[in-house]
Amino acid sequence: MQLKFNNRKIARAQSSRDRILEALQTSQQLSRDELVRVTGLTYDTIRNQCSNLVSQGKIAAVIAAKPAER
């Protein structure tokens with residue numbers, strides 16, 4: 001197997017992470033659905049990049065409590 005350094009893919013991933021971090025700096029806490037709407041990224045990109053950012057310690061994932069139904 002040969003591995004090739006893909007500058008475009010790395011740059012695109014970094015750009016996605018930067019957009020997520022910028023949105024979170026503005027709003028502090030957003031759901032993945034809200035991040036999709038704010039950043040214009042796909043849900044899969046948000047999910048993947050948020051996972052990367054959590055593993056790097058740059059963001060924290062929290063479980064939001066659902067509002068009580070009446």
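The values are calculated or read from the model by the stated rules, or taken from the named source; none is laboratory data. Remember, it's a predicted structure, so these values are computed and weren't measured experimentally. No Cβ is skipped: glycine too gets one built from the backbone with ideal geometry, and neighbour counts run over all protein chains shown. The protein model used for the area step is the full one, side chains on, heavy atoms only, and it has no ligands, DNA or RNA in it. Shrake-Rupley method; radii C 1.70, N 1.55, O 1.52, S 1.80 Å.
Points worth noting:
- In plain terms, the bigger the Kirkwood radius, the slower the diffusion; for the chain, with that radius from Cα pairs, at 4 °C and 1.567 mPa s, Stokes-Einstein puts D at 96 µm²/s.
- Looking at the chain, the accessible area is 88 square angstrom per residue; that uses a 1.4 Å probe and ignores ligands, DNA and RNA.
- Sites ALA64 and THR42, calculated FRET efficiency, Cβ-Cβ separation with R0 22 Å, nearest 0.05: 0.55
- The distance between label points at VAL54 and ILE10 comes to 2.6 nm (points 7 Å beyond Cα on the Cα→Cβ vector).
- Net charge, VAL54 excluded, C-beta distance under 13 Å - Lys, Arg +1, Asp, Glu -1: +4
- Mean ellipticity per residue at 222 nm, deg cm²/dmol - from DSSP H runs of n ≥ 4 across the chain, formula -39500 (n - 2.57): -19500 deg cm²/dmol
- For the chain, built as a Gaussian network whose Cα springs stay under 10 Å, the top-fluctuating residue of ILE59, ILE46, ILE20: ILE59
- Accessible-area value, ASP33, 1.4 Å probe, nucleic acids and ligands omitted, Å²: 100 Å²
- Accessible surface of the chain [probe 1.4 Å, protein heavy atoms]: carbon and sulfur percent: 49 percent
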